[in-house]
């Protein structure tokens, strides 16, 4: 027996509760509670459902749920997450080289000589000295008088200056007038959070020979279609949405992420569509 199962069993027996009573109160199958207390995790559905069972059962028995989930993780052999620590590099030190006095001197002399040769080549030194710079000031021009606007031109100017209001766009999801008096709606896109959905279907043994035709669609794809008999159990998984259609709804019991939801319907022989999440 695992340490987790021993703690769950001791807490239940210490409170004088039977497995049948705990199953009714927590809405978890009695076989699942027995598997938890015996540490037989291979007899249970996926890891997400097992964690949900442990959390509900621990809260029911007034035990620390997070501590028991961590104990379950260690018993399943899960390792701690790998931490990636960025390597620290020592800061690079910048070295500065101070120019020598002679280097600055020779560079300055070379620049002065280059400037002298350039000015002498264009005739600004040696041939009449530095050429005078003639500054031409721009003369101000007076624009011709504009003709007086006519009344017609005034109205045209007022029309041109009037602001044009942008076309109003209907808000998403609001009705707008359509052709021939109809009403059209602008579709609104809604982001759907992606989360795992674990659904368990079980045929209840109401009269001992119950059965129902069942079709399961996961994220828009049909993943199961057939007849389930009394006592049969199936587990399905989806990321965004799951749709179940059953021909005998009272005989089909559904559990979502470890939480019992009851039968799909109350009227025998009347097929129903059961979505999750609900519309």
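Exactly one residue among 49, 24 is under 27 Å from residue 196 (Cα atoms), in a helix (DSSP H, G or I) and in contact with a strand residue (DSSP E or B) (Cβ under 7 Å, 6 or more places away or on another chain), and that residue is 49. The set of residues from region 237-249 being buried (at least 17 other Cβ atoms within 10 Å of the Cβ) and either assigned to a loop (DSSP other than H, G, I, E, B) or without any contact (Cβ under 8 Å) to a residue 40 or more places away in the chain (or both) comprises 245, 246, 247, 248, 249.
Within region 206-236, being surrounded by fewer than 13 Cβ atoms within 10 Å (Cβ to Cβ) and not in a strand (DSSP E or B) holds for 207, 208, 209, 220, 231.
None of the figures in this text is laboratory data; all of them are computed from the coordinates on show. On a predicted model such as this, the values are computed, not experimentally measured, just so you know. Here Cβ is always computed from backbone atoms with ideal geometry, including for glycine, and neighbour counts include all displayed protein chains.
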